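Below: one structure, written as structure tokens.
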Amino acid sequence: MTGGRGFIGAHAVRALLDLGERCVLGQRSAGPRPALLRGVPDGHAVMEPLDCADPGSVLAVGRRHRITGVVHLAASGLGASPPLEEVRTNTAGLFAVLRAALEWGVARVVVASTIGVYAGADGPSYREGAPLPVASPHPIPASKKIAEIVADVAASSGQEVVSVRIGAIWGPLGRPSSPFFAAPGLVHAAVRAGARPGAGDAGAVRGGLAPASPAGATPGGSAVDGVPPVYAEDSVDMCYARDCGRAIALLQTTPALRHRTYNVGGGRAVANHEVAAAVGRVVPGGVPALLPGRSPGSPALDAHLDVTRLREDTGFVPEYVLDRAVADYIGWLRAGHPR
């Protein structure tokens with residue numbers, strides 16, 4: 001698995017291990033085993049240096065291990081390089097992985113894409129068969145569209161390559177805040193608030209929303225406690241990281257898949273006020289009041305990922321509904337994990 005030490009990668013490895021698989025975790029940068037994988041028996045999750053920008057580095061892994069399937073999650077760091085260079089690096093990395101997989105004779109390659117490829121598409125839900133807009137508002141969906149085209153060409157040439165359009169993922173090992181949705185920042189802010197002396201003494205109202213300043217904003221609009229302004233009605237299709245990892249594992253191991261592209265998400269748009277209420281049920285008074293309505297310029301309706309294909313072909317059903325996910329995430333952070 002490329003990117004096996006990363007956020008989504010570690011959860012996918014954990015899920016594959018739970019299914020009885022053994023995994024090779026390829027990562028360009030050296031570092032310790034992710035906390036999620038500590039205690040795994042020797043030989044079940046092997047760490048290997050791997051740089052997708054270097055085809056020789058990728059092929060070398062196959063000389064040291066028998067590779068039967070590939071999950072390709074590695075990508076350039078967000079904003080780590082100029083946009084054109086980012087797209088070039090990611091595309092070259094995909095070519096290196098696909099060529100190596102062909103040489104190894106692997107059964108299936110699963111390639112990460114994103115919900116962002118649907119930006120500009122119409123409708124209340126995003127379905128895999130719908131035409132995608134050519135233009136992209138950000139280098140990430142632009143890069144993923146290119147990857148999907150390359151994957152489709154490889155599949156047409158005989159390789160089994162599956163593109164996975166992943167929604168907003170949150171949970172253990174994820175960033176404390178996201179520029180794309182509010183849930184991680186709300187959870188981390190509540191954990192910090194709950195750790196302060198006297199936290200929770202003021203009580204909570206209406207599902208845990210305390211009568212404080214709007215979340216992440218002062219009257220002048222500056223950030224509070226590291227959380228940007230959060231509007232109550234803004235929504236996004238969210239999938240908890242443990243569920244996301246399991247979905248990817250199922251797409252790698254299910255014997256027969258009927259499609260080349262699958263959405264991975266929760267299957268509905270979750271509003272910020274729902275997240276805040278769930279957090280407040282675990283940390284009363286930990287979430288300040290949200291700004292009313294929707295953020296300026298946001299669409300009137302937030303579409304969600306249609307996950308019918310994923311459910312029908314793999315049997316996947318999310319195990320972490322919102323309240324369970326929030327409680328699990330807060331428990332993870334309170335156990336001393338910084339992310």
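The values are calculated or read from the model by the stated rules, or taken from the named source; none is laboratory data. Everything numeric in this text was worked out from a predicted model, so none of it was measured. All Cβ positions, even for glycine, are placed from backbone atoms using ideal geometry, and neighbour counts span all protein chains on display. What goes into the accessible areas is simple: the full protein's heavy atoms, side chains included, and nothing from ligands, DNA or RNA. Shrake-Rupley method; radii C 1.70, N 1.55, O 1.52, S 1.80 Å.
Numbers at a glance
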{"quantity": "Residues within region 230-258 that are among the β-branched types (Val, Ile, Thr) and closer than 11 Å to residue 8 by Cβ, tallied", "calculated": "1"}
{"quantity": "Residue match in region 132-143 (condition: at pLDDT 95 or above and within 16 Å of residue 261 (Cα to Cα))", "calculated": "no"}
{"quantity": "Cβ pairs under 6 Å, 6+ apart, first in region 320-339 and open to solvent by 70 Å² or more (accessible area, probe 1.4 Å), second part of a loop (DSSP other than H, G, I, E, B)", "calculated": "339/173"}
{"quantity": "Identity of the residue in region 276-290, assigned to a helix (DSSP H, G or I) and touching a strand residue (DSSP E or B) at 6+ places or on another chain (Cβ under 8 Å), that ends up surrounded by the fewest Cβ atoms within 10 Å (Cβ to Cβ)", "calculated": "277"}
{"quantity": "Matching residues in region 234-249 - criterion: being open to solvent by 10 Å² or more (accessible area, probe 1.4 Å) and in contact with a strand residue (DSSP E or B) (Cβ under 9 Å, 6 or more places away or on another chain)", "calculated": "234, 235, 236, 238"}
{"quantity": "Which listed residue, of 110, 164, is touching a His at 6+ places or on another chain (Cβ under 9 Å), open to solvent by less than 20 Å² (accessible area, probe 1.4 Å) and outside any helix (DSSP H, G or I)", "calculated": "110"}
{"quantity": "Search result, residues across region 171-184 that are open to solvent by 10 Å² or more (accessible area, probe 1.4 Å), more than 14 Å from residue 73 (Cβ to Cβ) and not hydroxyl-bearing (Ser, Thr, Tyr)", "calculated": "175, 176, 179, 180, 181, 182"}
{"quantity": "Restricting region 131-161 to residues that are farther than 24 Å from residue 86 by Cβ and without any contact (Cβ under 8 Å) to a residue 12 or more places away in the chain, the residue that is surrounded by the fewest Cβ atoms within 10 Å (Cβ to Cβ)", "calculated": "131"}
{"quantity": "Any hit, region 65-82, residues being open to solvent by 60 Å² or more (accessible area, probe 1.4 Å), over 20 Å from the mean Cα position of the chain (by Cα) and modelled with pLDDT of 90 or more", "calculated": "yes"}
{"quantity": "Members of region 1-18 found to be without any contact (Cβ under 8 Å) to a residue 60 or more places away in the chain and within 14 Å of the chain's Cα centre (by Cα), listed by number", "calculated": "5"}
{"quantity": "Filter result (modelled with pLDDT under 90 and either outside any loop (DSSP other than H, G, I, E, B) or within 21 Å of the chain's Cα centre (by Cα) (or both)) within region 19-31", "calculated": "26, 27, 28, 29, 31"}
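Here's the yes/no breakdown for (1) modelled with pLDDT under 90; (2) within 17 Å of residue 250 (Cα to Cα):
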site	(1), (2)
1	no, yes
15	no, yes
33	yes, no
38	yes, no
57	no, no
